[in-house]
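The structure appears right after this line, and notes come after that.
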Amino acid sequence: MAKVTSKLQLTVPKVIADQYGIRPGDDVEWVAAGEVIRVIPPARGNNRRGGARSLGVRERLRLFDQATERQRRRGANLPSGGPREGESADRGWKREDLYTRGRPR
């Protein structure tokens, strides 16, 4: 038997999770069925968290390479870690202000 936490969360017993293939991050469906509640496990092969599990290795590597190239291009636009072109470095405060902010002077 599972207990409901103060956040209204339940723990799926390991035996049930293993039997129905329920893993952390899966979405389960809750269906009111008269006096009972049905918990529908995820269908086998459904995408989880954006579908990374359903993609093959080649496709995931291709997407990783694309993201790496985008990040490389972004970094090329930053002169020594400073603000991007057209952006101002002046925020209206200095780092030192963080140490005295809110304290009586």
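The values are calculated or read from the model by the stated rules, or taken from the named source; none is laboratory data. Just so we're clear, the structure is a prediction, and the values are computed from it rather than from any experiment. Methodologically, a virtual Cβ is constructed for each residue, glycine included, from the backbone with ideal geometry; neighbour enumeration extends over all protein chains shown.
Tabulated data
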{"quantity": "Any pair with Cβ under 8 angstrom, 6 or more apart, that starts in the stretch 15-40 at a residue that is in contact (Cβ under 8 Å) with a residue 24 or more places away in the chain and ends at one that is in a helix (DSSP H, G or I)", "calculated": "R23/A17; G25/R49"}
{"quantity": "Scope the stretch 72-89; condition at pLDDT 70 or above and loosely packed, with under 10 Cβ neighbours inside 10 Å; matching residues", "calculated": "R72, R73, G75"}
{"quantity": "Filtered residues of the stretch 8-37 (kept if surrounded by 10 or more Cβ atoms within 10 Å (Cβ to Cβ) and among the charged types (D, E, K, R))", "calculated": "D18, R23, D26, D27, E29"}
